[in-house]
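None of the figures in this text is laboratory data; all of them are computed from the coordinates on show. The shown structure was predicted, so the numbers you read here are calculated from the model rather than taken from an experiment. Here Cβ is always computed from backbone atoms with ideal geometry, including for glycine, and neighbour counts include all displayed protein chains.
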Amino acid sequence: MTTQPPKNSISPEYLQLLMKFAERNIHRERLNGIYWQMLRRYVPLESIAKVDNAVIVSLACGKADDAEVQAQYVLENLLSTEDGKARFIGVDLPDSELPLANRANRNDYNGRVAYEFMPGDARDLGTIIREDADVFFISHSEPVSLKEVWKGIIAAMKPKHTKGGLLVATFHNEDEMEALRSMIGKDYAILAATRNEYAIPDPHLDNIYSHKFLLAARRL
Ligand SMILES: C[S@@+](CC[C@H](N)C(=O)[O-])C[C@H]1O[C@@H](n2cnc3c(N)ncnc32)[C@H](O)[C@@H]1O
C-alpha cells in the first residue's frame with residue numbers, strides 16, 4: 001500500500017519557495033544588524049546638524065533592503081524633535097530591481113517615514129528630485145567598474161545635498177571606497193573611512209554583500 005500525502009499538505013515546490021523567503025528575511029535582518037552596529041560605531045554625528053524633518057535619498061538603491069534601517073537611523077539620530085518626520089526617496093534605473101523596492105511592505109515608524117522609489121538615472125538627480133537631501137545613502141556602488149557613471153552620479157549628488165548634510169556609503173572592498181572618496185573630493189569632510197569590523201566573514205553573507213567598508217562624510 002502506498003502512503004498518500006495528507007490532504008491539504010503543501011507541495012515540495014511550494015515548501016521550497018517558502019524556505020527561500022524565510023532565508024531571505026533572515027539574511028536581510030542579519031545584514032541590517034551589521035549595518036546598524038557599523039553606523040553606531042563609526043559615524044561621528046557631532047558635526048552633523050540636526051533637522052526638524054529630513055529628506056533622505058538612497059542612490060542606486062536596488063531593492064532597498066536597507067531602507068528601513070537607514071530611515072530608523074535618521075529618525076533616532078538626526079532629527080531635532082521626537083515627532084520629526086522623514087521622507088525616504090530611493091532612486092535606481094528603471095530596469096533594475098527597483099520595482100521590488102516598491103512592493104516591499106515597510107515599517108513607517110508610526111507614520112513618521114514616507115517611502116518613495118523613483119525610477120531614473122541618478123546622473124539626472126536634479127530632474128528626479130525637487131528638494132535637496134539632508135542625508136544620502138549609497139550601498140554597494142561600483143565606482144571602480146563603472147567609474148564614469150559614478151563620477152556622473154556624484155557630480156549630480158553634490159548640488160542636491162544640503163550643506164553640512166551626511167553621506168553614508170558602504171562598499172564590497174577598499175578600492176571601491178577609495179574610488180568614491182576621491183570622487184567626493186574637497187567638497188566633503190571625511191568622518192570615517194574604514195573596514196567594518198562587524199562584517200564578519202560568513203559564507204552565506206559573503207556570497208552577496210555585507211557592508212564591508214564604510215565611508216561617512218559631511219558636505220562642506
Ligand atoms: C551592486 S547594486 C547595489 C544595489 C543596492 N544599493 C544594494 O546595496 O543592494 C548597484 C546598483 O546601482 C544601480 N545603478 C547603476 N548605474 C546607475 C545609474 N546611473 N543610476 C541609478 N542607479 C544606477 C544598479 O541598477 C544597481 O541597482
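Worth pointing out:
- Residue-span extension gain [LYS151 to ASP83] - 0.36 nm each, minus C-alpha spacing: 20.8 nm
- Scanning residues 5 or more positions from LEU191 or on other chains, those with amide H under 5 Å from its amide H are ALA216, ALA217, ARG218, with H placed 1.01 Å from N in the peptide plane.
- The chain: relative contact order as a whole-number percent, Cα under 8 Å and 6+ apart: 20
- Sites listed here are GluC sites (Glu not before Pro) in the stretch 22-91 whose DSSP assignment is loop and whose Cβ has at most 13 other Cβ atoms within 10 Å: GLU46, GLU82.
- Among the lysines of the stretch 12-219, pairs that are 8 or more positions apart or on different chains and have alpha carbons within less than 21 Å of each other number 18.
- Spacing of the two label points (7 Å from each Cα toward its C-beta) at LYS163 and ILE190, in nm: 2.4
- Between the stretch 153-194 and the stretch 30-76, the Cα center-to-center distance that results, in Å: 15
- Compactness relative to 2.2 N^0.38 Å, alpha carbon Rg of the stretch 12-219: 0.99
- Where trypsin sites (Lys or Arg not before Pro) fall in DSSP loop in the stretch 125-220, at most 11 other Cβ within 10 Å: ARG130
- Ranked packing of 53-65, 32-44, most packed first, by mean Cβ within 10 Å: 53-65, 32-44
- Shape of the stretch 17-133, Cα gyration tensor, a/c cut at 1.5: oblate
- Each DSSP beta bridge with both residues in the chain is either parallel or antiparallel, and the antiparallel ones are about 35%.
- Taking a span of 30 Å or more along the helix axis (Cα atoms) and a mean Kyte-Doolittle hydropathy of at least -1.0 as the rule, the DSSP H helices of the chain that qualify are 12-42.
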